[in-house]
Amino acid sequence: MEDILVNLGKQLKRIRVNKNLSLKQVAEMSDVSIGLISKIENFRTTPSLPVLLKIMQSLEIDLSELNLTSNNSDPYILIRKGEGMLEDREDSVGLEYTFLFSDNISESNLRTYIVSVKKDVYREPISTDAKEIIYVIQGKLNYIINDEVIVLEAGDTLFFDGSIPHAVQNIYNETASMLKMYMIQKYPY
């Protein structure tokens with residue numbers, strides 16, 4: 001459900017920007033506050049159905065034009081450097097938020113590491129009981145998921161289900177470093 005709401009906000013913002021409309025213009029046409037529209041576009045609130053309909057009418061779109069589902073069939077999410085979505089947050093002066101992705105991690109433990117991968121290292125495929133997030137800090141390396149080689153460079157983010165066999169390889173000229181996070185499901189005992 002959360003991903004549907006994120007996708008809704010992204011699409012409304014994309015449509016507004018493509019039509020060269022400001023937040024103020026859409027607010028005036030829909031009789032909805034600028035702040036509420038901004039919060040909807042940046043996934044900080046869920047619109048009521050009447051508010052959503054007013055915004056859609058002001059953008060001259062109907063529900064059938066919105067693609068609210070994710071059709072990603074890959075067993076991972078890859079966000080290349082610069083592909084995140086910059087969020088406008090009026091209450092965060094001096095801070096820049098770039099949205100990468102979301103996943104429900106309630107009832108999970110989070111373990112975080114900085115991992116250095118030296119040149120000519122290859123770790124055989126393994127599986128874990130975690131969802132894994134990798135952010136490449138420096139260098140370049142290969143991540144292999146289900147025999148697919150994904151080349152990662154500084155600034156790239158990779159998210160995947162660790163139960164899928166995966167390996168890491170550095171065939172490049174320098175040590176690579178990455179931030180690696182494991183989200184491990186808590187089990188009631």
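Could you check the simple spin-label distance between residue 57 and residue 127, using points 7 Å along Cα→Cβ, in nm with one decimal?
Taking the simple label geometry, residue 57 and residue 127 are separated by 5.3 nm.
Counting only the heavy atoms of the protein chains, how much of residue 44 is accessible to a 1.4 Å probe, in Å² to the nearest 10?
90
Compare the peptides 175-182, 143-150 by average per-residue count of other Cβ atoms within 10 angstrom and give them in order, highest first.
Highest mean packing first, the order is 175-182, 143-150.
Sort 160, 43 by accessible area with a 1.4 Å probe, largest first.
Greatest to least solvent exposure: 43, 160.
Ranked from the most accessible area to the least, with a 1.4 Å probe and all protein chains present, what is the order of 64, 22?
These residues rank, largest area first, as 64, 22.
So the label point goes 7 Å from the Cα of residue 172 along Cα→C-beta, right? Which residues of region 135-154 then have their backbone N under 11 Å from it?
It comes to 136-143, 151-154, nothing else.
How many nm is it between the label spots at residue 65 and residue 184, if each spot is 7 Å from the Cα in line with the beta carbon?
Between residue 65 and residue 184, the label points sit 4.9 nm apart.
Express in Å², to the nearest 10, the accessible area of residue 135 obtained by rolling a 1.4 Å probe over the protein heavy atoms while all chains stay in place.
Accessible area, nearest 10 Å²: 90 Å².
Heavy atoms only, probe 1.4 angstrom, no DNA, RNA or ligands counted: give me 15, 77 ranked by accessible area, highest first.
I get 77, 15, largest accessible area first.
Say the cut-off is 22 Å between C-alpha atoms; which of 13/54; 19/39; 10/180; 10/54; 13/131; 24/81 go over it?
From the list (13/54; 19/39; 10/180; 10/54; 13/131; 24/81), the Cα-Cα distance tops 22 Å for 10/180; 13/131; 24/81.
The values are calculated or read from the model by the stated rules, or taken from the named source; none is laboratory data. On a predicted model such as this, the values are computed, not experimentally measured, just so you know. Counting neighbours? That spans all protein chains shown, and the Cβs are built from the backbone with ideal geometry, glycine included. What goes into the accessible areas is simple: the full protein's heavy atoms, side chains included, and nothing from ligands, DNA or RNA. Shrake-Rupley method; radii C 1.70, N 1.55, O 1.52, S 1.80 Å.
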